[in-house]
1. On the basis of being in contact (Cβ under 8 Å) with a residue 40 or more places away in the chain, surrounded by fewer than 18 Cβ atoms within 10 Å (Cβ to Cβ), under 13 Å from PRO14 (Cβ atoms) and within 21 Å of the chain's Cα centre (by Cα), does ASN81 make the cut?
2. Could you run through segment 75-121 and say how many residues are more than 25 Å from SER21 (Cα to Cα) and among the hydrophobic types (A, V, I, L, M, F, W, C)?
3. Filter segment 126-149 for residues that are under 16 Å from the mean Cα position of the chain (by Cα) and not aliphatic (A, V, I, L, M) and give the result.
4. Residues of segment 219-235 being over 17 Å from the mean Cα position of the chain (by Cα) and either surrounded by fewer than 14 Cβ atoms within 10 Å (Cβ to Cβ) or without any contact (Cβ under 8 Å) to a residue 60 or more places away in the chain (or both), which ones?
5. Can you give me the number of residues within segment 31-56 that are of a type outside the set (Val, Ile, Thr) and over 17 Å from PRO103 (Cα atoms)?
6. Suppose the filter is within 18 Å of the chain's Cα centre (by Cα), among the small types (Gly, Ala, Ser) and not in a loop (DSSP other than H, G, I, E, B); does ALA93 pass it?
7. Could you say which residue among TRP151, TRP156, TRP190 is part of a helix (DSSP H, G or I), farther than 24 Å from VAL39 by Cα and of a type outside the set (A, V, I, L, M)?
8. Name the residue, out of MET231, MET217, that is out of contact with any strand residue (DSSP E or B) (no Cβ under 7 Å at 6 or more places or on another chain), among the hydrophobic types (A, V, I, L, M, F, W, C), outside the structural domain of GLN32 (by TED's automatic domain parsing) and at pLDDT below 95.
Amino acid sequence: MNAPTSPRVSVVIPTYNASRSIAQTIASVAAQTFRSLEVVIVDDTSSDNTEEIARLALEASGLPHTIVRLPENSGPAHARNVGVRRSRGEFVAFLDADDLWLPKKIERQLGLLDANPSARLCGCQAAWIDGEGNTVSLLFNGLPEVMADGWKQLLWDCYIATPCALVRRADLGTAPFNPVLRVGEDRDLWIRVARRGSVVLAQERLVDIRLSPSSYMASSGHLTWQYVEPMIEGHIRSLSNRLSLRDKFRARAKVYSDIGRGLCASPGGFWHGSWYLIRAIVLGHRPLDCARFLVFTAPGVKNLKRYLKDFLEMA
């Protein structure tokens, strides 16, 4: 269904086997207080009835929309690129098929971008929620509304989640996400966009991000070390003259810690992950926390914890 005039904001939603959540996600877009919207769904070759449910939900919502079905599964970066190319709005917002917007999300963010014309990227506060809708944690703490060097903090703190981002379409081009990156493609883009100006952050919670064991990130955690480290290193090299030695150490230490924790928590990944955690400790990133995590994920300790848990359940 096409709108007679171009919307101000295009909402790009990649989907893959999201039949359980896509209708609620679309409803959260339809509930926005800002109304000049269109939705671009890019179905990454789902094997369930995601496309049918999305179409019915969009038709019921009255939102202008486009649904594109890809000929083969290509991953979220390619799907989002297709969505950007099909979008018509002045701004592009991204939303994943299992996450939710609060009603004033777009209204608040457009207000910030309109008030700060030099800003190239807008994020917002978000909550990670569990299956019952309970808040597990917030996305960021203590960050200001306007960040002149927001790109720098993104090197060690990905404080903009994909469903929180609002970007001018002119700053995206036709293929903004690097499809080579199986994970971290969003962070890579935010760094590249933020280098051109400031970053603005809506301080109120405007997005709920579902924690799901079946999500793409949850099922692809083992890929992080292959893609995130070289991506961050590439940015450190290209931005070397704008970074202090402390900045470089901080960025590397944080990514080492993130990768080390992910690998140590994965089956068979402890020895590889321990090397990353040791490097994070040497560079001074929360050494006590990293050391504690290293000890408690060691194979012998994990087996002991499992044995004690089984023993207590049987007692």
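The values are calculated or read from the model by the stated rules, or taken from the named source; none is laboratory data. Keep in mind that what you see is a predicted model, and the values were worked out from it rather than measured. All Cβ positions, even for glycine, are placed from backbone atoms using ideal geometry, and neighbour counts span all protein chains on display.
1. Values: in contact (Cβ under 8 Å) with a residue 40 or more places away in the chain: yes; surrounded by fewer than 18 Cβ atoms within 10 Å (Cβ to Cβ): no; under 13 Å from PRO14 (Cβ atoms): yes; within 21 Å of the chain's Cα centre (by Cα): yes.
Against the criterion (in contact (Cβ under 8 Å) with a residue 40 or more places away in the chain, surrounded by fewer than 18 Cβ atoms within 10 Å (Cβ to Cβ), under 13 Å from PRO14 (Cβ atoms) and within 21 Å of the chain's Cα centre (by Cα)), ASN81 does not qualify.
2. Here the count works out to 6.
3. Of the residues in segment 126-149, the ones under 16 Å from the mean Cα position of the chain (by Cα) are 126-129, 137-140.
Within segment 126-149, TRP128, SER137, PHE140 qualify.
4. Step one: of segment 219-235, the residues over 17 Å from the mean Cα position of the chain (by Cα) are 226, 230, 233-235.
Hits for segment 219-235 are GLN226, PRO230, GLU233, GLY234.
5. 11
6. Numbers: within 18 Å of the chain's Cα centre (by Cα): yes; among the small types (Gly, Ala, Ser): yes; not in a loop (DSSP other than H, G, I, E, B): yes.
The answer is yes for ALA93.
7. Numbers: TRP156 fails: part of a helix (DSSP H, G or I); TRP190 fails: farther than 24 Å from VAL39 by Cα.
The match here is TRP151.
8. Working: MET231 fails: at pLDDT below 95.
Of the residues listed, the single one that is out of contact with any strand residue (DSSP E or B) (no Cβ under 7 Å at 6 or more places or on another chain), among the hydrophobic types (A, V, I, L, M, F, W, C), outside the structural domain of GLN32 (by TED's automatic domain parsing) and at pLDDT below 95 is MET217.
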